Structure formats: C-alpha cells, structure tokens
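Read the structure below first, then the notes.
Here, each number is a calculation from the coordinates, and none is a lab measurement. As the structure is a computational prediction, the values presented were derived from the model and not from experiment. Methodologically, a virtual Cβ is constructed for each residue, glycine included, from the backbone with ideal geometry; neighbour enumeration extends over all protein chains shown.
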Amino acid sequence: MKITPEFLNKYNKTGPRYTSYPPATSFNTNFTAADYIPAVIKSNAQYPESISIYIHIPFCPQLCHFCGCNTTAFESAAKIRRYIDCILKEIDTVAQHIDKSRKVSQIHWGGGTPNSINFDYLAEITEKIKSLFQFTENPEIAIECSPAYLTMEDIDRLAVIGFNRVSMGIQDFNPEVLKAINRRPPKFPIEQVMERLRQNNFKGINLDLVYGLPLQTLESFKQNVEKAIVLSPDRIVTFSYAHVPWVNPNQKKMDETHMADPEEKLQMLLAGYEIMTNKGYEAIGMDHFAKPTDNLAIAKHNKNLHRNFQGYCTRETTGQVYAFGTSSISQLWGTYAQNIKNLHHYMDAIEATGLATERGYSLTNEEIIIREVINQVMCNGYLNFEEIAQHLKCSAGEIIAVTGYHPSKLDPFIEDGLVEIIDNNIHVSADGMFVVRNIAMLFDPFLGSTDSQFSKTV
C-alpha cells in the first residue's frame, strides 16, 4: 500500500457519501404519504422482487455524547409501548399494498439501542412480520446491539426470536474513552458475549469501532483493532467520528482538546486498514472488513456487492427496503420515502392515518442509471457498461451519455495508480478504494447543480 496521509489529503475534498443516489440532501417535503402508497404498489413490479425490512428503535437508556443517530432517552414504559403499537400499525398499513408472493430476505433493526427495550417487543414485531409475509430460505435477520445492555440470556432469546446476525457497538475497548463519551461499558466481557453468540449459531457477528474519539491516540486505536481481531468476528467496521457540534449539540459535552487532529485520524484509518488486511480480513469499501469466508467478501469478489442505508450487503439478501419507525428511510426501486424524525409527531401521524412520511424523492430514469453506475463503483470498484445496460434494459451508449463519462476524466486517477481501464472496463485499485467517493463523483452529472453541503471524502 503506497497511500500516505499526504496523498489522501490531495483528494480530501467535500462530496456525497452516496449511501443513496440522489443523496438524502435531495429529499423534499413535496413528497408525502399520499405519494408513498402508490410507490409501494408500483414497487411490486420492480427490481428486486425480494423484501428488506428496516425497524428503527429510537430509545437509549443513556445518550452517548458522540452519537448522531436519531434517538432519545427513555421516557416511560408507556411511551415505549405506544411506539411499538405504532410500528405494528405502520407495518399493517404498508403490508396490505405489498404483493404477498414476494418474500422477505432481510430484516435489520437499528436505533437507538434496539436491545435495550423489552425483548417481548422484538418478538411481537417479528411475529407480526412473519404473519404477513413469506420468507426466503435463509433470510438475514440482524440487530444492532450495545454490549452495555446485553446479557447471556438476551443472546439466547435473540436466537429464539429468529435473529442470526448481530452488530455490536464496541466503539472503544478502553473504559476511560467510553466514560469520556458518556457510554456505559459492556455488562459482560466481550469474549463471553462472542462465545455465547457462537453457541447460539449466529451466522454473522460484527464489531463496530470508532476512531477520532476523545482520549484516543494512534497507538490506542491500533490496540483496539488488534483486540477486535483476536475476538475473530466475521466483520469489523471502523467508523470515522464526525465532530459537528453545530449539528449535534450533545457533542459539545466532550473535550475537543483531547481529540485527534485530522492528520492523526488519517493515520488511524491507514493503520486499521493495514493491520486488518495483514491479518487476513478483506477490505470492503474503505472502512468495512470481512473474513474471506463472509458473504460480503464473496460478493465483492463476484462483483455483486451492494449498499443501502443499513450498510454493505449482497444482491442475494437485499431487496427493496420498506422501513418502519421514526426517521426510517424506505428505499424502493424508483422512490425514497423518509418518516417523520420527531418521535411524538411520528406517533401522532401513525395513530391518525397509519403513515408518517415526511419527505422523499421520486427518481427519473436518468437518475436510476446514475445510481446503478455509482453503486457499482462505490461497492465493487468496477464498472462494466454493458453489464449495467443489460441489467437496466438500455444501451451502454445511453449510460455513457447520461453519466457524462469520458475516459479522460479518469486520467488523474490513472496517473496516480488508483484506476485502470482494461477492455473498456473500469477497475479501481485497492488504493483507489480510499478515494472511491471522488471517483464516483465523476459519474454524477448533477453534482454541481445543488447547494447541498457534504462531508470530506476521506
């Protein structure tokens, strides 16, 4: 690897994350609940046929200072019960418009802290979904967990409910760092948690780390990565902490003087990459790592990796996403629809109508083409215009025209050894994946037509 902090700084410009295309900054309030149901009905005849479901649980017993998720501190048991009832009603409302011959291939629970509420609620919602839909043979049912609220009995119960994948928000193994970000330490040693998960035949265990938090240093982050590798999870994720106190006022409670500067954060990024790839983990994008036997690594090698708001996934498991709960975003073939972010307003809307769409976006045919191109570049580091044309039932020439592509646009990346063009196909190198957002931006003809403000690309 020839990447250095100095090299990355050359490309460290502002740009979309491309979790979706167009980015969520393009969503608008002209799209309402009245537009969502027709979009759901239309999605029944669109690709992919399978169904992904996202459930958002916006509750945490204690709010971490660094977190930018849409969550709230526990208010009362009655409030949580009311919220669960709203989720159930929303599922009922949307499900009646979904073709029941379609099957659920993926369910993802996020938050907030989904494992901090009564597990009877998890079972109740899961049973509701099972009563309304058929499932594929091996569906992925995943949950984001904080180890601070996870017991051995909880793990057993998750398995009984049907969960088979878990992502644990470790963030940092150092208790002092956790204290600095107002995060509770794990209830049980992570080694015991991992063992219990394996005893319950979880097919996927993810560990999430964050770099750039108060009190972290380059050496301490290296130690975090080494410890995570010893635990041997299927996947490890290293998220870069974004310090934006003007957006998230809670971050003002942390001591900025004890945070790594941009240079040290880049060194953390590079160190984590080097350690994990040297230990046999496959790099997925620039911050996800998976064992070679994991289905993400296999999908990457098959050029079949995909991405949505819940993270990287495979084409086999990922369907069109129907999302439930406050702030959740549905990702259909031609539509994005986001629910109301405010918890109480969301519940009021659901109780009144069964829907709570606050904003969204309907894609044009051109935007669908651009989305597929950017997704291929971002996920697989590869672009074959003929393959995409076959998938979208159009011509390669149309794709090139819509994206405004010309080989000369890639010249700077080719000169730096980040991209190759072989038989008219574009291949992004391992080093190029560090700046893949910059490469993807070349295929976004509308990038300069909005006033949206984006984060740095590295």
query = What's the local net charge at G212, with K and R +1, D and E -1, over the other residues with C-beta under 9 Å away?
reply = 0
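In deg cm²/dmol and to the nearest 500, what is the mean residue ellipticity at 222 nm of the chain if only DSSP H runs of at least 4 residues count, each as -39500 (n - 2.57), divided by the residue total?
Values: 16 runs with 169 residues, N = 458.
Computed mean residue ellipticity for the chain: -11000 deg cm²/dmol.
Would you please name the GluC sites (Glu not before Pro) within the range 7-112 that are DSSP coil residues with at most 15 other C-beta atoms within 10 Å of their C-beta?
On the way: sites: E49, E75, E90; in loops: E49, E75.
Filter output for the range 7-112: E49, E75.
Among DSSP beta bridges lying fully in the chain, give the percent that are antiparallel, nearest 5.
Numbers: 27 of 63 bridges.
Antiparallel: roughly 45 percent of the beta bridges in the chain.
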inquiry  = Over 10 Å intervals from 0, what percent of Cα-Cα pairs in the range 247-399 sits in each interval?
reply    = 9, 25, 28, 27, 10, 1
key: Selection from Y312, V230, H258, by position along the positive dipole direction of the range 205-336 (Cβ)   = Y312
message = If amide hydrogens are placed 1.01 Å from N in the peptide plane, which non-local residues have theirs closer than 5 Å to the one on K103?
response = I51
remark   = HN-Hα couplings for the range 40-52 via Karplus (6.51, -1.76, 1.60; θ = phi - 60°), in whole Hz with x for Gly/Pro, come out as 4, 4, 5, 5, 4, 9, 10, 9, x, 6, 5, 10, 10
ask   = Computed on alpha carbon atoms, what radius of gyration and Dmax characterise the range 365-443, expressed in Å?
value = 11.7, 34
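Scan the range 250-335 for chymotrypsin sites (Phe, Trp or Tyr not before Pro) in coil per DSSP, keeping those whose Cβ has at most 13 other Cβ atoms within 10 Å, and list them by number.
Values: sites: Y273, Y281, F289, F309, Y312, Y322, F324, W333; in loops: Y281, F309, W333.
In loop regions of the range 250-335 (DSSP not H, G, I, E or B), there are no sparsely surrounded chymotrypsin sites (Phe, Trp or Tyr not before Pro).
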remark   = With label points set 7 Å from each Cα along the Cα-to-Cβ direction at E420 and R17, the distance between them in nm comes to 3.2
Largest-first principal axis extents of the Cα set of the range 24-362 (Å) = 53, 42, 41
ask   = Quick one: V104, V166, fewest Cβ neighbours within 10 Å first, how do they rank?
value = V104, V166
task = Could you point to the residue in T93, P445, L363 farthest towards the positive end of the chain's charge dipole, with +1 and -1 charges on the Cβ of Lys/Arg and Asp/Glu respectively?
result = T93
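Can you check what the net charge comes to around G325, using other residues whose Cβ is under 15 Å from the Cβ of G325 (Lys, Arg +1; Asp, Glu -1)?
Numbers: positive: K79, R81, R82, K89, K128, K341; negative: D85, E90, D92, E124, E144, D348, E351, E358.
The answer is -2.
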ask   = Just for the range 194-320, what percent of DSSP beta bridges are antiparallel, to the closest 5?
value = 60
ask   = What lysines sit close enough to K10 to cross-link, taking a C-alpha to C-alpha distance under 24 Å and skipping anything fewer than 8 places away on the same chain?
value = K2, K265, K409, K456
ask   = Suppose every K and R has +1 on its Cβ and every D and E has -1 on its Cβ; what is the size of the dipole of the chain about the Cα centre, in Debye to the nearest 20?
value = 700
remark   = Per the 1/(1 + (r/R0)^6) rule, R0 = 41 Å and r from the Cβ atoms of S101 and F74, FRET efficiency to 0.05 is 0.55
Where trypsin sites (Lys or Arg not before Pro) fall in DSSP loop in the range 352-448, at most 12 other Cβ within 10 Å = K393
